[in-house]
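All remarks here apply to the structure that follows.
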C-alpha cells in the first residue's frame, strides 16, 4: 500500500518538475510572440525601410514621422564609446589583479568592484546628473552637458565591473605553469602576457566584452538621466536619445501608432540582444570546453 | 667558489649592452606601469563613487525622512511608502521566483535526461538574463497588466521581476547541485528512496548555500530595478497595508529615487534614497562574499 502511494508521489513530483523545467522556454516563447505580434503592425504601417533608415522621429507632430535611425546609431555609438573607455581599463585592471597585485589589494578592490556591480543604475544616473553633466558642460563650454559623451562615460563605468570580473576569472584560470615556463625561457612579463596568458584566456576576455555590450545596449534609466533625451542624430556634444530611452520616455503617454512604434523599437532592441547573446553563449561554450581539456 | 669576472668578459658584456639597448625591459616596465594605471583608475572610480554617494546621503537621512510620507499639502517628504512598496515587491517576487528557479534547477540537474533539452533550457535562460529590463517592462505591461488585468500594480511588477530573475536562482542553485557528490544520491537510492525522496531528504540539504546566494543576488537586482517597474508597478507613493499594496500602484525605492531626481528635481531626497540603496547593496555583497568563502572552506 505504502509503496503504491510513494510511487504516485514520485510520479507527480516528476511531472511537476518537468513543468517547472519548461518555464524558461515558455517565457522566451511568450516574450518573443508578444514582441513580434505587438511590434510588427507598426513596422508594416510605416514600412521597414522608412522605420529603420529614415532619420526623423517626430511622433507627436501633425504629420508624425517614425524613423529610428537616430536611436539605432546613438545606441551603437554609445555602446562602442563605452566599450572603448571601459575595455582597456577593465582588462588592464584584471591583468594587474590577476598577475601582479598582492592578494590583499586584490581582495579589497574586488570587494569594491562587487559593490559597484550591485549599485542600482538610477544611482549612476543621479551621480552622472549631479557631477558629470555640469563638469562636461564647463569643460567643453556647452550650453548643456547632457550629451552622448556623458552617456558613454556613465555606461563605461557601469559595464566596468562585468568586464573586470569576467576577464579576471578567465585570466585566473590560466594554469600558472604556462606562464612560469614562459618566464623561465627568458620572456619578460609583457611578452608572457601577450603570447601566453592572453591567448589562453582569449574567449573569456571576449565574453566579458560581449557581456558589457549587452549591458550597455540594454541600459535605460541611467542613460535617460544624462543623455538629454532629444531625438538628434548622434553627436558627441549634443543631446541624444537611445533605443531604450526612446521607449521609456514616451511610453507613459503614447497611444495609437506611436505606441505601436515603441513596441517595434523594443522588437529591434530584442533582436540586437539576441545577436549578442548568441555570440556570447557560443564563446562561453568555448571557454567551458577549454577548461575541461 | 665565486666566479671572478675577467676584464674581457666585462668588456664584452658592456659592448653588448651598448650596441643593443634594452628595449624589451623598458617596454615591460611601461606595460606594467600602464596596468597599474588601469587598476588605479578602477580603484579611484569605485571608491570615490561610493564615498561621494555616502557623503551626500548622510545629511539627508533621519527619522522623519525614513518614517514620513510625501505630501504636497503638508509639504513633507518621506520614503516610508517607498520602503514598504519595496518590501511588498521583494516578498511578492521571492514567493514565486524561489520555487520556480530551484525547481527548474532540480529538473535540469536531476530529472532531465536529454542533453539537447538541457542545452535548450540553458540557452533560453541565457536569453532571459540578457533581455534589457525596459523590454521586460513592456512585455510585463502587456501580459500582466493588460492580459491578466492586474492593472498597474505591485503584483504585476513582482511577476515581471519573477521572469527576470528565474535564470539567476536557477544558475546558482544548479552550480551547487552539481557539487553534491553522486555517492549521496546513490546511497539514498540504494536504501530504497525514490528520486523525489532522495532530492528532498539528501540533495536539497547540501545545496542551501547556492540557493541563498541566488536569493541574495535576486534581492540585489530587485532593489536596483527601475526600468521594468515604471510601466508595471507605477510610481504612486501612498502608504498601503500589504494586501491593498499588492493590488495598487507603488514605487519601489529605486523608482522613487528616479522620480525625485528626474521629475521633481529634489536631489537631496534622491541622494538620501541612494545612500540607503548603497547600504543595502553593501550588506548584500558582503553577505554573498562571506557565504562564498564559507562554501569554499567546505
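Annotations
- Lone unmet requirement of (1) away from chain A (no Cβ under 11 Å); (2) over 27 Å from residue A:249 (Cα atoms) for residue B:284: (1)
- Among the residues making up region A:96-126, those that are under 20 Å from the mean Cα position of the chain (by Cα) and at the interface with chain B (Cβ under 7 Å from one of its Cβ atoms) are A:113, A:114, A:115, A:116, A:118, A:119, A:120, A:121, A:122, A:123, A:126.
- Just one of (1) under 23 Å from residue B:161 (Cα atoms); (2) surrounded by fewer than 16 Cβ atoms within 10 Å (Cβ to Cβ); (3) in contact (Cβ under 8 Å) with a residue 60 or more places away in the chain fails for residue B:217. It is (2).
- Members of region A:57-85 that are touching a strand residue (DSSP E or B) at 6+ places or on another chain (Cβ under 8 Å), part of a loop (DSSP other than H, G, I, E, B) and free of Cβ contacts under 8 Å to residues at least 40 places away in the same chain: A:67
- Residues being in contact with a helix residue (DSSP H, G or I) (Cβ under 9 Å, 6 or more places away or on another chain) and more than 8 Å from chain A (Cβ to nearest Cβ) - total across region B:289-298: 5
- Listed by position, the helices (runs of 4 or more DSSP H) inside region B:88-192 whose residues that are within 13 Å of chain A (Cβ to nearest Cβ), within 23 Å of the chain's Cα centre (by Cα) and over 30 Å from residue A:264 (Cα atoms) number at least 3 are B:154-179.
- Any hit, region A:243-254, residues being touching a strand residue (DSSP E or B) at 6+ places or on another chain (Cβ under 7 Å), under 24 Å from residue B:131 (Cβ atoms) and buried (at least 22 other Cβ atoms within 10 Å of the Cβ): no
- Region A:149-228 holds helices (runs of 4 or more DSSP H) entirely within its bounds, and those carrying 1 or more residues that are over 28 Å from residue A:125 (Cβ atoms) map to A:176-184, A:189-192, A:202-218.
- Which listed residue is out of contact with any strand residue (DSSP E or B) (no Cβ under 8 Å at 6 or more places or on another chain) and crowded, with 24+ Cβ neighbours inside 10 Å, from A:237, A:263: A:263
- From the options B:211, B:246, residue that is crowded, with 19+ Cβ neighbours inside 10 Å, farther than 24 Å from residue B:146 by Cβ and in contact with a helix residue (DSSP H, G or I) (Cβ under 7 Å, 6 or more places away or on another chain): B:211
- Selection within region B:250-276: residues that are surrounded by fewer than 21 Cβ atoms within 10 Å (Cβ to Cβ) and assigned to a loop (DSSP other than H, G, I, E, B). The member of this set that is farthest from the other protein chains (Cβ to nearest Cβ) is B:264.
- Condition met for residue B:70 (at pLDDT below 85, in contact with a helix residue (DSSP H, G or I) (Cβ under 8 Å, 6 or more places away or on another chain) and away from chain A (no Cβ under 14 Å)): yes
- Residue selection: residue A:32 satisfies the criterion of being surrounded by 15 or more Cβ atoms within 10 Å (Cβ to Cβ) and more than 30 Å from residue A:157 (Cβ to Cβ).
The values are calculated or read from the model by the stated rules, or taken from the named source; none is laboratory data. Everything numeric in this text was worked out from a predicted model, so none of it was measured. Every residue, glycine as well, gets a Cβ built from its backbone with ideal geometry; the counts of neighbours run over all protein chains shown.
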